[in-house]
C-alpha cells in the first residue's frame, strides 16, 4: 500500500506511521487526517526480492510497481531474517531516486577547466577518460593515476575496481571511503582475532546476551530496524549500557548511559578493565586458555584507576563501578562499537581496549558473547574485503604477502611482480591530489568526499587541482560537480550484485527495473575503459560472472567466498563467510573453537590513553563531535534528493547545551558560527540538554555553509589511517558574529530540476559556483 | 652516524613510568632506562591502600613502561650535569644524554618520641609508613595479628590507611593534629560528615590532637631491649593502646639528588614550562618538581607533566609546554567518596560566597565556594553525581554564568 504524502515537514512522521502500520484502520484514519490518498497495492507483477540500498544492515525488501505515483513500490519482505520486514524511512523512500528528474541520465563533460558541464555521448565520454588516464600515466607514471571507491559499491564492483587499478592502470594508489568508516575496527579486529568481520555472530544473537555495551553508536537513528534486537535484549532481562557523549534516542533506551567527553572512550575501556581486575571479575581460565598478552594489558589498565579515568573521561567513578559490575558480572556479554570510538586518531587502540575488556571477562569466542563493529555503509564489510583498499587484495589478503600476490596473479592472469604494492590511504590520497608527486588523474566511484572527507574545504581544493577528475555516480553529487567527466551509473534496483552486511552475511541484490537509457553499470564502464586502455578481457559485465571470479580470487583468503553462489544466497537468505566450499554451510559464528591467529589465541592489545589530535584550548574551547540524523544518509547525495526525507531533516544544525547557549547568548533556532583551525560552518542552534555542556554536535550530511567536515581534523590513526571525525576543538559564536554567513535551510535540499538534463546541469553548476 | 640518545629516568613512580611509556609510544628514538631504588619495577602507588585490603595483588599493580628498561633496586646517589653521568649505589657510573628526575617524595616523619629504634636503624617495631609496596607488605603481615592500630595523620592517606585497616578487622583510631580531617581539602562540615562515615566503619578520629610519643608494649618508654609498640601518647596526656602505628603525616619532595648536583631547589626541583631545570638536558616531573611555585604531590598532575615532557623529548612536539594543572583531590575507597577542588574554607576571605547542600539522611555534603561568578573551590562528599559538571567548571576556570546550582544537584538544568 502506498501513500501520497502532503507537503509540509510536520506531516512526515505521520506519513511514516501511516506507511509503517499494518493496521488498515489506523492507516485509513491517519491518511484521512492528513488528507492523503491511499492507494491499494497493484497486483505486483513479479515483485523482486532484493535489499535496501543504504546502510550495512542491508534490510531485505521486495520491490514491486511502478505505481501511479512512484517509480517503484517498496513492499515488505518479512521472511528475511535481519529486518523481518521492518524498514526505515530511508529505505521506504529509496525509489524516489529512480525518478529521471533527480538523477543523471547521460554522461557529462567539461570542455575546459572552469567551464560548464555539458551532455555527451558515452563513446565521447569514455574516450576522453581513457585518453586522460593514459596521458597522465605516460607523463607522470602509473602512480599518478588514482582510484577512489566506496563502501556502497557491490562486491563485484569493488573487486573489479581493485583489479582495474592494479591490472589496467598499474597504480598502487587505490583506496576508498571505507577508510573513513570502519578501518579502525578492522585493524583492531585483525590485531586481536586475526580476522575482521563486523559481527562474529548474527544480529539475532543480541537478544540472548546478558549485558551489551554499545560504544558510540546510535542505531535508533542510523539503523532503526536493528533497534528491535536491543529492545528484545532488555525484554529478555539483559542489560544495555550505552556510551555516548550525547543522550541519543538509543542512549535513552539504556539501563546505564555513560556520557564521556569525546575522545574518552579509550580511557573508559581501560578504567572498566581496571575495575574488572580489582573486583575479581577476571575470567582467569579463559585468559589462560584462549588469550595471549594479558600481562601488558593489565599493566595498562593498572595505570588507569577509576579516579584518573573519571578525570580523563568525565564519567563519574561510581558509574564506572556500576558498568564494570554489570558487564563483568553477566554470564555472557557483548561489546559493539561504532564510529564514535573508531573515528579517532586513536581509534584502533580504542577498539583494542574494548576488545581487551571482552577477553578479560571471557566474553569472546563463546555463544552470545563477543566484540563486534556496527559497520556503517551498505557494503562496508564486503567493500573492504575484495581489493579496493590500498593495502589489500581480494579475499582480505595482504598486498604485501607474496603468497597472496601469487594466488591473485594466477586468477588475474598476470605476473605477481606486476601487481603494485600498497598505496596511499584515503585521506593521504586525497591530500596528494594535483601535487607534483601525487595523484593527478582520479577515477572516483560511489563516494562524495567534497562533503564526507575530513577537512573538506581543503579536499575540495585538492579535487579542483586535478588534471582529470572522473566521477561515476547516480546523481550529480557535490564531488561530481567538480568533475571533468561524469559517468551516470545504475543503482540498486537496476542491477545484480552481492553485498556483505555487518554480520558477514553475503546477500544478493537483484535487478528489478531497467535503468534509463543512457545509464550504464560500473562493470560495463570498467570493461569499456579497460578495452580502451589495452586490456581486452577480464572485465565481465555480468555480475554473477564477476562474482564467480571473485570467489576464485578469495579462495583460501580470510574472507573466503569460494563456496558462495548466487543460487545459495537466494536459497539460504544469505551465506556467512568464510565459506570455503560449496558443501560448507558458511560460518554464522566465528571463533567458537579458536581465534584466527596463528596460535588460536586472541591477543590483548597493550594500549594506554592518549589525548585527541586536538584538544580544546583557550582559542577553541569546545569539543565538536559529528554524526548522523535519522532521515539522511552519509553525504546526503541520495537522501537530500528525497522530498520527504528533506522535510524531516531539512538542513544542518548545531546541538548545544542550554548552559552553553546561555553563555553564548544564543537562542534556539538562531544561526551560530562554528570555527575550527581548518574552517567555519554556520547552522541553526538546536538547544538540548542531551549533550555535554563542553561539546557541540553537528550532523555531516550537508554541503555548503553548514558542512560539518569543513571543521573536522584529518589527524590520522597511525595504524588504520582513520581520520579523527569525532573529535576536534572549536569555538562557537552567536548570531551577532555569524551575520552575513546566514544560509537558508531550504538551500540544502537538492531541488528536482524541472527541465531536461542540460539545463539542469547549467543551473546546478551555477549554484555550485555560488556556494563555492 | 648519530647514536640513539640515552634517556635516564630516575625514579619509578607514576611520573617516571608514564613518561617512559609515552616517550616510546610517541616515537621517541632514544633508549629509556628507569632507575628505581625499590626492588620492584614501577607500580601504581595510588592503589597501595587497596593492596593492603587485598583488593589488588602486589604483582598486579605494575605499570606499563613501553619499551623502557626497568632497573629496580638501583638507587641513584648522584649525577653530574656536566659529564652527564649517574652514580649508582653499587659504585657504577652510567652515562646519559637526557636526564629525567622523577624522584617523587618521602613520607614526613613527625616529631614524635620513640618513633625510631634506639639504634637509629629505622622505625620502631610496629611503626609503619605506607609509601612503598614493601611498606605495604610489612604492614599487611602485621595487621593479621593486630588488634588495635593508631594512624598518625588524618589527611587523605591517613583516612585511606585507616579505612583499609578497619576493613582488615583492626580497630583503628586516627590522631590528627589539624583542626579537622583532611583540612587541606575539606572544610569543617565535610570533615564532620567524613568522620561520621569513618565511625560507621569502626574508625575513631581525634582531630586537634598531637601525638607526643610512641611507647613500647607493657608501658613506659622502651629502653635497651626494644619491644613492639604498645601505645601512642597524645600531647594532652591520653594514651591510645595499640599494636600498630601508621604514620601518614604528608610527604616531602625528594630533592637531595638535584640539590647535590647544584640545581636550584625550592620546595621541589625548580622547572620551567618545558619542565626543564636550568641544567641542560635535565628535567624534573611529578612530586619532586616545583613548577611556578607549586608542588602538587598528586598523581594527576604528575601524569600530565609526564605527558608534556614525553611529547617534548620524543620530538612529537618539541615545543610542548606545561602550564599547570587544576587538580582535584579525590578519595574513593569503598563507601567513602569525595571530590574536592581548590580553596574550600570561605571564612578566610570575606569576599567569598558559599552555596551548600547538606543531606544528613544520606550522609552527603556538597558545597561551592564562589567569588562573584567564579568558582574558587568545591566539595562533593557522599554524592558525586555532579562531579563531571563541577570538574568541567573547575578546569575551565571561566565565569560560571547563570545559577550554578547544577554543579551540586543533578536534575537541575540551570
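Output yes when any residue across segment B:23-43 is without any contact (Cβ under 8 Å) to a residue 40 or more places away in the chain, closer than 17 Å to residue B:303 by Cα, within 14 Å of chain A (Cβ to nearest Cβ) and surrounded by fewer than 23 Cβ atoms within 10 Å (Cβ to Cβ), and no when none is.
No, segment B:23-43 contains no residue that is without any contact (Cβ under 8 Å) to a residue 40 or more places away in the chain, closer than 17 Å to residue B:303 by Cα, within 14 Å of chain A (Cβ to nearest Cβ) and surrounded by fewer than 23 Cβ atoms within 10 Å (Cβ to Cβ).
Residue check: is residue A:67 within 21 Å of residue A:497 (Cα to Cα), surrounded by fewer than 20 Cβ atoms within 10 Å (Cβ to Cβ) and touching a strand residue (DSSP E or B) at 6+ places or on another chain (Cβ under 8 Å)? Please lay out each step first, then the result.
Values: within 21 Å of residue A:497 (Cα to Cα): no; surrounded by fewer than 20 Cβ atoms within 10 Å (Cβ to Cβ): yes; touching a strand residue (DSSP E or B) at 6+ places or on another chain (Cβ under 8 Å): yes.
So residue A:67 does not fit the description; no.
Would you confirm, using the coordinates I've provided, whether residue A:287 is touching a helix residue (DSSP H, G or I) at 6+ places or on another chain (Cβ under 6 Å) and part of a helix (DSSP H, G or I)? Can you show your working first?
On the way: touching a helix residue (DSSP H, G or I) at 6+ places or on another chain (Cβ under 6 Å): yes; part of a helix (DSSP H, G or I): yes.
Yes.
From the list B:329, B:302, which residue is surrounded by 24 or more Cβ atoms within 10 Å (Cβ to Cβ) and within 14 Å of another protein chain (Cβ to nearest Cβ)?
Working: B:329 fails: surrounded by 24 or more Cβ atoms within 10 Å (Cβ to Cβ).
Unique residue meeting the criteria: B:302.
Hey, could you check segment A:268-282 for residues that are at the interface with chain B (Cβ under 10 Å from one of its Cβ atoms) and part of a loop (DSSP other than H, G, I, E, B) and say which is nearest to the chain's Cα centre (by Cα)? Outline the logic, then answer.
To start, the set of residues in segment A:268-282 that are at the interface with chain B (Cβ under 10 Å from one of its Cβ atoms) comprises A:274, A:277-280, A:282.
Checking which are part of a loop (DSSP other than H, G, I, E, B) leaves us with A:279-280, A:282.
Working: A:279: 38, A:280: 38, A:282: 34 Å.
The residue in question is A:282.
Which one is farthest from residue B:198 (Cα to Cα) among residues in segment B:332-350 that are facing chain A (nearest Cβ under 10 Å) and touching a strand residue (DSSP E or B) at 6+ places or on another chain (Cβ under 7 Å)?
So, considering only residues that are facing chain A (nearest Cβ under 10 Å) and touching a strand residue (DSSP E or B) at 6+ places or on another chain (Cβ under 7 Å), the one farthest from residue B:198 (Cα to Cα) is B:339.
Kindly check whether there is at least one residue in segment A:619-627 that is away from chain B (no Cβ under 14 Å), in a loop (DSSP other than H, G, I, E, B) and in contact with a helix residue (DSSP H, G or I) (Cβ under 8 Å, 6 or more places away or on another chain). Outline the logic, then answer.
Step one: of segment A:619-627, the residues away from chain B (no Cβ under 14 Å) are A:624-627.
The next check asks that each one be in a loop (DSSP other than H, G, I, E, B); those that pass are none.
Among the residues of segment A:619-627, not one is away from chain B (no Cβ under 14 Å), in a loop (DSSP other than H, G, I, E, B) and in contact with a helix residue (DSSP H, G or I) (Cβ under 8 Å, 6 or more places away or on another chain), which makes the answer no.
Look through segment A:324-345, keep the residues that are surrounded by fewer than 24 Cβ atoms within 10 Å (Cβ to Cβ), out of contact with any helix residue (DSSP H, G or I) (no Cβ under 6 Å at 6 or more places or on another chain) and part of a helix (DSSP H, G or I), and return whichever of them is nearest to the other protein chains (Cβ to nearest Cβ).
A:325
Just one of B:391, B:378 is surrounded by 14 or more Cβ atoms within 10 Å (Cβ to Cβ), away from every other protein chain (no Cβ under 14 Å) and within 25 Å of the chain's Cα centre (by Cα); which is it? Let's see the steps before the verdict.
Values: B:391 fails: away from every other protein chain (no Cβ under 14 Å).
One residue alone meets the criteria, B:378.
Does residue A:87 meet the test of being surrounded by fewer than 24 Cβ atoms within 10 Å (Cβ to Cβ), closer than 26 Å to residue A:227 by Cβ and not assigned by TED's automatic domain parsing to the domain that holds residue A:433? Quick ask: steps written out before the conclusion?
Numbers: surrounded by fewer than 24 Cβ atoms within 10 Å (Cβ to Cβ): no; closer than 26 Å to residue A:227 by Cβ: yes; not assigned by TED's automatic domain parsing to the domain that holds residue A:433: yes.
No: the conditions fail for residue A:87.
Being assigned to a helix (DSSP H, G or I) and more than 23 Å from residue A:625 (Cα to Cα) is the filter here; which residues of segment A:192-226 pass it?
We begin by selecting, within segment A:192-226, every residue assigned to a helix (DSSP H, G or I); these are A:192-193, A:203-208, A:219-222, A:224-226.
Correct list: A:192, A:193, A:203, A:204, A:205, A:206, A:207, A:208, A:225, A:226.
Being away from chain B (no Cβ under 14 Å) and under 22 Å from residue A:218 (Cα atoms) is true for just one of A:374, A:359, A:320. Which residue is that? Even if it seems obvious, please write down each step before you answer.
Values: A:359 fails: under 22 Å from residue A:218 (Cα atoms); A:320 fails: away from chain B (no Cβ under 14 Å).
After applying the criteria, what remains is A:374.
Wholly within segment B:288-369, which strands (runs of 3 or more DSSP E) include no fewer than the required count, namely at least 1 residues that are at pLDDT below 95, in contact with a helix residue (DSSP H, G or I) (Cβ under 8 Å, 6 or more places away or on another chain) and closer than 22 Å to residue B:388 by Cα?
The qualifying strands (runs of 3 or more DSSP E) are B:328-333, B:336-342, B:353-359.
Out of everything in segment A:517-538 that is in contact (Cβ under 8 Å) with a residue 60 or more places away in the chain and assigned to a helix (DSSP H, G or I), what residue ends up being surrounded by the most Cβ atoms within 10 Å (Cβ to Cβ)?
Applying the filter and picking the extreme gives A:525.
Assess whether residue A:233 counts as being touching a helix residue (DSSP H, G or I) at 6+ places or on another chain (Cβ under 7 Å) and crowded, with 24+ Cβ neighbours inside 10 Å. Outline the logic, then answer.
On the way: touching a helix residue (DSSP H, G or I) at 6+ places or on another chain (Cβ under 7 Å): yes; crowded, with 24+ Cβ neighbours inside 10 Å: no.
Criteria not met by residue A:233.
Out of curiosity, is residue B:287 surrounded by fewer than 23 Cβ atoms within 10 Å (Cβ to Cβ) and either outside the structural domain of residue B:196 (by TED's automatic domain parsing) or in contact (Cβ under 8 Å) with a residue 60 or more places away in the chain (or both)?
On the way: surrounded by fewer than 23 Cβ atoms within 10 Å (Cβ to Cβ): no; either outside the structural domain of residue B:196 (by TED's automatic domain parsing) or in contact (Cβ under 8 Å) with a residue 60 or more places away in the chain (or both): yes.
For residue B:287, the condition - surrounded by fewer than 23 Cβ atoms within 10 Å (Cβ to Cβ) and either outside the structural domain of residue B:196 (by TED's automatic domain parsing) or in contact (Cβ under 8 Å) with a residue 60 or more places away in the chain (or both) - is not met.
Listed here are the residues, each with its yes/no results for (1) modelled with pLDDT under 95; (2) surrounded by fewer than 23 Cβ atoms within 10 Å (Cβ to Cβ); (3) not assigned by TED's automatic domain parsing to the domain that holds residue A:638.
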position	(1), (2), (3)
A:674	no, no, no
A:693	yes, yes, no
A:697	no, no, no
A:712	no, no, no
A:715	no, yes, no
A:729	no, yes, no
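Within segment B:226-254, can you find the residues that are assigned to a loop (DSSP other than H, G, I, E, B) and touching a helix residue (DSSP H, G or I) at 6+ places or on another chain (Cβ under 6 Å)? Steps first, answer last, please.
Applying the first criterion (assigned to a loop (DSSP other than H, G, I, E, B)) to segment B:226-254 yields B:226-228, B:235-238, B:242-243, B:248-250, B:254.
Matches in segment B:226-254: B:248, B:254.
Quick check: anything in segment A:283-301 surrounded by fewer than 23 Cβ atoms within 10 Å (Cβ to Cβ) and within 9 Å of chain B (Cβ to nearest Cβ)? Step through it out loud before you land on a result.
Initially, segment A:283-301 is screened for residues surrounded by fewer than 23 Cβ atoms within 10 Å (Cβ to Cβ), giving A:283-290, A:292-296.
With within 9 Å of chain B (Cβ to nearest Cβ) added as a condition, the list becomes A:295-296.
Among the residues of segment A:283-301, at least one is surrounded by fewer than 23 Cβ atoms within 10 Å (Cβ to Cβ) and within 9 Å of chain B (Cβ to nearest Cβ), which makes the answer yes.
Could you tell me whether residue B:139 is closer than 26 Å to residue B:242 by Cβ, part of a loop (DSSP other than H, G, I, E, B), in contact with a strand residue (DSSP E or B) (Cβ under 7 Å, 6 or more places away or on another chain) and away from chain A (no Cβ under 14 Å)?
Working: closer than 26 Å to residue B:242 by Cβ: yes; part of a loop (DSSP other than H, G, I, E, B): no; in contact with a strand residue (DSSP E or B) (Cβ under 7 Å, 6 or more places away or on another chain): yes; away from chain A (no Cβ under 14 Å): yes.
Judged against the criteria, residue B:139 is not a match.
Just need a number here: residues in segment B:59-71 that are more than 7 Å from chain A (Cβ to nearest Cβ), touching a helix residue (DSSP H, G or I) at 6+ places or on another chain (Cβ under 8 Å) and buried (at least 16 other Cβ atoms within 10 Å of the Cβ). First the steps, then the outcome.
Within segment B:59-71, the first condition is being more than 7 Å from chain A (Cβ to nearest Cβ), and the residues that meet it are B:59, B:65-71.
From what's left, touching a helix residue (DSSP H, G or I) at 6+ places or on another chain (Cβ under 8 Å): B:65-68.
This time we only want the ones that are buried (at least 16 other Cβ atoms within 10 Å of the Cβ), so: B:65-66, B:68.
Selection size over segment B:59-71: 3.
Given (1) in contact (Cβ under 8 Å) with a residue 12 or more places away in the chain; (2) in the same structural domain as residue A:501 (by TED's automatic domain parsing), identify the lone condition not met by residue A:369.
Only one criterion in (1) in contact (Cβ under 8 Å) with a residue 12 or more places away in the chain; (2) in the same structural domain as residue A:501 (by TED's automatic domain parsing) is unmet by residue A:369, namely (2).
Taking segment B:44-58, which residues are in contact with a helix residue (DSSP H, G or I) (Cβ under 6 Å, 6 or more places away or on another chain) and either within 20 Å of residue B:254 (Cβ to Cβ) or within 10 Å of chain A (Cβ to nearest Cβ) (or both)?
First, pick out the residues of segment B:44-58 that are in contact with a helix residue (DSSP H, G or I) (Cβ under 6 Å, 6 or more places away or on another chain): B:44, B:46-49, B:51-53, B:55-56, B:58.
Matches in segment B:44-58: B:44, B:46, B:47, B:48, B:55, B:56.
Just one of A:362, A:378, A:372, A:383 is touching a helix residue (DSSP H, G or I) at 6+ places or on another chain (Cβ under 7 Å) and outside any helix (DSSP H, G or I); which is it?
Details: A:378 fails: touching a helix residue (DSSP H, G or I) at 6+ places or on another chain (Cβ under 7 Å); A:372 fails: touching a helix residue (DSSP H, G or I) at 6+ places or on another chain (Cβ under 7 Å); A:383 fails: outside any helix (DSSP H, G or I).
None of the other options fit; the residue is A:362.
For segment B:275-284, name all the residues that are surrounded by 14 or more Cβ atoms within 10 Å (Cβ to Cβ) and out of contact with any helix residue (DSSP H, G or I) (no Cβ under 6 Å at 6 or more places or on another chain).
Filtering segment B:275-284 down to residues surrounded by 14 or more Cβ atoms within 10 Å (Cβ to Cβ) leaves B:275-277, B:279, B:281-284.
Residues satisfying the conditions are B:276, B:277, B:279, B:281, B:282, B:284.
The values are calculated or read from the model by the stated rules, or taken from the named source; none is laboratory data. These numbers were taken from a predicted model, which means no experiment stands behind them. Because the Cβ atoms are built from the backbone with ideal geometry, glycine has one as well, and the counts that use them run over all protein chains shown.
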